[in-house]
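Data block below; observations after.
The values are calculated or read from the model by the stated rules, or taken from the named source; none is laboratory data. Predicted model, so just to flag it, every value in this text is computed and none were measured. Quick reminder, even Gly has a Cβ in these numbers, built from the backbone with ideal geometry, and neighbours come from all protein chains shown.
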Amino acid sequence: MDNFINVQVKKSEKNFTISIYDDLISNPGKYMNIYSPGKTMIIVTPSVYFHYRKFIDELSNCFVSSILEVICIKEHNKDLFAVSYICNLANNLGFGKNDIFISVCGGCCQDVVTTAAALYKRGIRVIRIPTTLIGAVDAGIGIKSSLNIGAQKSTVGTFYHPYSVLIDLNFLHTLPSEYMICGLAEIIKIGIILDADLFNLIENNLEKLLQCKYYTQPSSRIFEVIYRAINGMVSQLEINFYEDISFERLMDFGHTFSNVLESDSLWTIPHGFAVSIDIALSLYLSYRFNLLSYKDLERSLSILINIGLPIFSKYLTQDSCLRALKKAILHRGGEINLVIPTAIGKGTFIKKIDDNLLNYINDGLKYLSDKPQKLLTNITKVG
């Protein structure tokens, strides 16, 4: 089967399609109708070019005029300087409004390329080809881009929709296991806060979720996990496209404490790990507010632990949590809008900082630090 999934994102004139193929890597020329007749800049990271040089070269040959740019983007340099570099390169090459960027990379690089596409000539087309699990279910399929300023994560960014998103899950075969686990944190997030059926699928398929071969089998339960995760993200995107209808966003689950956690660790804790730790604390807070049962707390924590994700770090402290909440107030319209689950597949929001919240955070830090963890990766030592 050549085309596994087509998900249409609909917002008046801003429609775009997310497509999953099983042969994009092996036969990029087959999908030339999706590309652009104009000049094209293909932007890849060094690891992607190392593993997929044949695909990149064949993709380049699909265009009359193309340039390849290999650029290393990680959290520490996901900033305006990287955006400026791409814009300057496009300008020097005479790129115009009818030309296009194609980003073949993971989430950090996708953020930079999307921002550059949004700013260059006040907007040119961008096609995203995410190469990581976190890109396929989160960073590569939305319309937000986020950049860091110094050690301050996600301080600036844009809302800019892609021309299209092309996914080939065969990229996962060369993805290190630790990055697979990071992507699973974002999928687990959607299951806990939005989709109980997805949560049950995850809970019943933990071992297969760590094996890449199941992601490219359309009849497998793991493929259904990907489908439900993408659809969950898209459903939330469509009801609040530019995040201007409400500052209450369920997809912010796991993204209140995690930003400060990442920056305080000087980016040694990757995004998926930080999201997992944030989810764990948010689960505990909901339990203490008598909004979540102890059974659902333990079920959710067990999934995180058994998949190999951390639920605590030495960088998660009373001080860092308070700083994160104050940062959230600036970002979410004057209230913290801390997302917490009320049951598997349902959530609500804590709006204000009060003594109860701060006391429960302190209790939660001790509770989580005392729980045994089963880290399956060597990506970082989460203290």
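Yes/no per residue for (1) buried (at least 20 other Cβ atoms within 10 Å of the Cβ); (2) modelled with pLDDT of 95 or more; (3) under 27 Å from PHE159 (Cβ atoms); (4) not assigned by TED's automatic domain parsing to the domain that holds LYS153:
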{"residue": "SER26", "(1), (2), (3), (4)": "no, yes, no, no"}
{"residue": "VAL44", "(1), (2), (3), (4)": "yes, yes, yes, no"}
{"residue": "HIS51", "(1), (2), (3), (4)": "no, yes, no, no"}
{"residue": "SER65", "(1), (2), (3), (4)": "no, no, no, no"}
{"residue": "CYS87", "(1), (2), (3), (4)": "no, yes, yes, no"}
{"residue": "VAL104", "(1), (2), (3), (4)": "yes, yes, yes, no"}
{"residue": "CYS108", "(1), (2), (3), (4)": "yes, yes, yes, no"}
{"residue": "THR115", "(1), (2), (3), (4)": "yes, yes, yes, no"}
- In region 161-174, is there at least one residue being in a loop (DSSP other than H, G, I, E, B), surrounded by fewer than 21 Cβ atoms within 10 Å (Cβ to Cβ), out of contact with any helix residue (DSSP H, G or I) (no Cβ under 6 Å at 6 or more places or on another chain) and of a type in the set (Phe, Trp, Tyr)? yes
- Single residue of region 201-259 satisfying the filter (touching a helix residue (DSSP H, G or I) at 6+ places or on another chain (Cβ under 8 Å) and hydroxyl-bearing (Ser, Thr, Tyr)) that is surrounded by the most Cβ atoms within 10 Å (Cβ to Cβ): SER258
- Note on the structure: When (1) crowded, with 19+ Cβ neighbours inside 10 Å; (2) outside any loop (DSSP other than H, G, I, E, B); (3) not assigned by TED's automatic domain parsing to the domain that holds ILE279 are applied to LEU198, the one that fails is (3)
- Task: Go through region 163-211 and give me each residue that's under 14 Å from SER300 (Cβ atoms) and of a type in the set (Phe, Trp, Tyr).
- Result: PHE199
- Check whether at least one residue in region 210-219 is closer than 26 Å to ASN33 by Cα, in the same structural domain as ASP22 (by TED's automatic domain parsing) and over 16 Å from the mean Cα position of the chain (by Cα), and report yes or no. no
- Test each condition in (1) assigned to a helix (DSSP H, G or I); (2) in contact with a helix residue (DSSP H, G or I) (Cβ under 7 Å, 6 or more places away or on another chain) for ALA118 and report the one that comes out false. (2)
